[in-house]
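Below is one structure, written out as C-alpha cells; comments come after it.
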C-alpha cells in the first residue's frame, strides 16, 4: 500500500504516567486537529506511525545481511528493484528481539528510505491533538533520546518515538 511521505514518528507503548514530568518535546501544535496513523505491533507492544510518513507496507520475503552495518540495521531487501535497508528497533527501545519480524513499513526521511520491521499492521486510526501530551522525564537510564511526546490510546499512554531522529542517527553512523 502506497501512502504519503515525510519525516516519520513511531509511538512505542508505555505505562508511564504523564504526571511523572515532562521534557522539552511538546504535543503537535500546528496543522489539522487530527492525524491519521497506522497502528503496528512490534515486540508484543503497540505503536503508531503517522501515515504522512509511510511510503508503503510489505511482507519481507528475505533479508540479506551486510557486514559492517550499524547496530539495529539487520540487512537489506529488494523491493521491486530498489535496495531497502531494514531496521529492527526492538533492542533500541528495550524490547526483546526473540522472533523474526515478517512485515516492513517503509519510511522516508529526506533522501533516505528505510524499512522498519514490525510484527503486524492491524489497523489505521485517526488521532486527535488532545490525545498528545509531553513526554515524561526521568525514565530510568536517563530517558530515551528518541521519545518526544506521549499519545493516549485506549486509556494507556504510549511514547512517540521520533524516527526522524533514529534515522538521522543511522545516517551518521552508516
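Full extension of the chain between residue 91 and residue 34 yields a length gain of 17.5 nm, computed as 0.36 nm times the residue separation minus the alpha carbon distance. Contact order, relative form, for segment 78-121: 41 percent (alpha carbon pairs under 8 Å, 6 or more residues apart, mean separation divided by residue count).
Taken along the Cα-to-beta-carbon direction at a fixed 7 Å, the label points for residue 66 and residue 156 span 3.4 nm. Assuming R0 = 30 Å, can you tell me the calculated FRET efficiency for the pair residue 80 and residue 131, based on Cβ-Cβ distance, to the nearest 0.05? So the FRET efficiency works out to roughly 0.25.
Every read-out reported here was derived from the displayed coordinates using simple, explicitly stated rules and does not represent laboratory data. Quick caveat: nothing in here was measured; it's all calculated off a predicted structure. Quick reminder, even Gly has a Cβ in these numbers, built from the backbone with ideal geometry, and neighbours come from all protein chains shown.
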